[in-house]
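Visitor: The structure follows.
The values are calculated or read from the model by the stated rules, or taken from the named source; none is laboratory data. Since we're looking at a predicted model, the values are computed, not measured. No Cβ is skipped: glycine too gets one built from the backbone with ideal geometry, and neighbour counts run over all protein chains shown.
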Amino acid sequence: MLYFIVSLIPLFVFSRITSDTLKQYFKDTKEKEFLNQANIIAGSIQKGNYLTDKIKDRLFENEIDEKSNEEAVRILVLDDKGVVVKDSNKTEVGKVYAMPEVISALDGNDAANLRDDEGVIYATAYIEDNNSKKIGVVLLVASFEEFNQLLNEVNSKWFIFTLGICIIVACIVFFTTQVFIGPLKDILKVIQKITDGQLHQRIEVSGRDEYSQISEAFNNMTEQLESIESSRQEFVSNVSHELKTPLSSIKVLSESILLQEEMPVEMYREFFQDINSEVDRMTNIVNDLLELVKLDHKEAGLNIKETDINNMTEDILKRLYPLAEKKDIKLLYESNKDMIIEGDEVKLTLAISNLIENGIKYTPNGGTVKVIIDGDHQNCFITVSDTGIGISEEEQSKVFKRFYRVDKTRDRETGGTGLGLAITHSSVILHNGSIKINSKENEGATFIVRLPIKYSES
Ligand code: ADP
């Protein structure tokens, strides 16, 4: 509504200005026209020597009457003292006219003046003798009433016309703002609700215009927000659950110790060993969580350096040989190419260690875990394959989620936190790389990590 009123103001002002300009234009034209007539009459009086030659008085009188009828104006002729010599109405002869227009004409300045208050227009022109002496004045008097009426009529019609235009323009402005601003208001309402925490809110999308595209993009963004929020909640509940399990075990174990009056030392030792392994488990979870938090904060930055992938892998394997030996697992290494890439060695070591450790963990005794290094001119490929239990196709997309485990019971036995692959995934993604699984249940698993040789900040 405000736009409607605001748009009326300039149009209304425009209407007033044009109306005043029109009035002024009519006034000026009329004044010029009368002045011209006065000059013509003065010229003919001067030419005929009517003022000085008394013999021509009759002719003079006729000329004045004729001209007055022709032009529909009253004509007065005054002498150099301002005394009326001739009057087409015959009523003012002998009277003195000392009005400003007459004085100005006797001074040599013809004048035309429209007197709004009297509704009359006066025009004067001086008459000269042969020696250029001002000997008289022609005064034209015409009623302006009729003209004023016409002008007012034109003005009121003009006003109605511009008012009509104003209303039409205002309506157009009003409806177009409704069309353009209406959808924005809807978007704003939904944004407000989302800000208040109602993440399930969506903007209604209809059509294919720019607003619909914005609404669609906004809805997608809100969906993302909602999924981030729900995964955050899921993560918090997972963390609480993961920490609660070892805490409950510690509680049960310590209560058992307290309740037993006289317990053999071996039993104490056994109970404390269990408590100790639960504390280890909690420490592992907390360490992995801290590692993930570090990887989540991109701004914490990677310590990018030239990293020799072959050396790095050999170091990891050296550390893991004892673990593999315990399960009688063959840990094989094959390097098809010397690869030096730009990367953060610490984070990459963590990522590859997790894959090899998993290979050992999920491969039954006597199996094999093999690491192959290869590459082309753009990427380095690290393949970790095992002859273990494998991962079904259905589970493959889920194993990178935090705390996700295929078989929860067995993982508690293996001591896994469910965070290892999430850490590996985050670290590889931070290096702009990718990770792929090839596996079938009970047929072993192969993880292929691709890392770009040149690191570029995305
Ligand atoms: P965890 O600490 O439990 O090993 P991860 O995040 O490393 O957690 O792995 C997630 C799950 O993926 C594991 O619990 C396991 O079920 C499955 N998994 C990971 N690596 C392998 C593998 N090499 N073979 C079979 N299953 C695997």
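Visitor: When you scan region 243-268, how many residues do you find that are outside any helix (DSSP H, G or I) and surrounded by fewer than 12 Cβ atoms within 10 Å (Cβ to Cβ)? Spell out the reasoning first.
Guide: Residues of region 243-268 outside any helix (DSSP H, G or I): 260-264.
So of that shortlist, the ones also surrounded by fewer than 12 Cβ atoms within 10 Å (Cβ to Cβ) come out as 261-262, 264.
The total comes to 3.
Visitor: Restricted to region 318-346, and to residues that are within 16 Å of the ligand (Cβ to nearest atom) and part of a helix (DSSP H, G or I), which residue is farthest from Lys294 (Cα to Cα)?
Guide: Filtering region 318-346 for residues within 16 Å of the ligand (Cβ to nearest atom) gives 320, 323-324, 327, 329-332.
Checking which are part of a helix (DSSP H, G or I) leaves us with 320, 323-324.
Values: Leu320: 24, Leu323: 27, Ala324: 29 Å.
Among them, the one singled out is Ala324.
Visitor: Output the residues belonging to region 55-79 that are farther than 16 Å from Leu140 by Cβ and touching a residue at least 40 places away in the same chain (Cβ under 8 Å). Lay out the reasoning, then the answer.
Guide: Taking region 55-79 first, the residues farther than 16 Å from Leu140 by Cβ are 55-62, 79.
Listed by number, the list holds a single entry, Asp79.
Visitor: Find all pairs meeting these conditions: Cβ atoms under 9 angstrom apart; at least six residues apart or on different chains; first residue within region 80-95 and closer than 22 Å to Asp107 by Cβ; second residue small (Gly, Ala, Ser) and assigned to a loop (DSSP other than H, G, I, E, B).
Guide: That search, which allows pairs on different chains as well, returns Gly82/Ala98; Val83/Gly94; Val84/Gly94; Val85/Gly94.
Visitor: Give the residue, chosen from Thr29, Thr52, Thr18, that is at pLDDT 85 or above and surrounded by fewer than 16 Cβ atoms within 10 Å (Cβ to Cβ).
Guide: On the way: Thr52 fails: at pLDDT 85 or above; Thr18 fails: at pLDDT 85 or above.
Result: Thr29 is the single residue among Thr29, Thr52, Thr18 that is at pLDDT 85 or above and surrounded by fewer than 16 Cβ atoms within 10 Å (Cβ to Cβ).
Visitor: I would also like to ask the following. Can you confirm whether Lys134 is in the same structural domain as Ser19 (by TED's automatic domain parsing) and modelled with pLDDT of 90 or more?
Guide: On the way: in the same structural domain as Ser19 (by TED's automatic domain parsing): yes; modelled with pLDDT of 90 or more: no.
No, not satisfied.
Visitor: Just the residues that are buried (at least 16 other Cβ atoms within 10 Å of the Cβ) and of a type in the set (Lys, Arg), please, taken from region 79-105.
Guide: Lys86
Visitor: Within region 385-404, can you find the residues that are farther than 22 Å from Pro364 by Cβ and among the small types (Gly, Ala, Ser)?
Guide: Ser397
Visitor: Which of the helices (runs of 4 or more DSSP H) contained wholly in region 355-458 include at least 2 residues that are more than 9 Å from the ligand (Cβ to nearest atom), in contact with a Pro (Cβ under 6 Å, 6 or more places away or on another chain) and assigned by TED's automatic domain parsing to the domain that holds Glu306? Please lay out each step first, then the result.
Guide: On the way: elements: 393-396, 408-414, 420-430.
By residue number, no helices (runs of 4 or more DSSP H) qualify.
Visitor: Any residue in region 102-113 that's under 17 Å from Lys133 (Cβ atoms): show its pairings with residues that are part of a strand (DSSP E or B) and of a type in the set (Phe, Trp, Tyr) at Cβ separation under 7 Å, as long as the two are six or more apart or on different chains.
Guide: Ala105/Tyr126; Leu106/Tyr126; Gly108/Tyr126; Asp110/Tyr126
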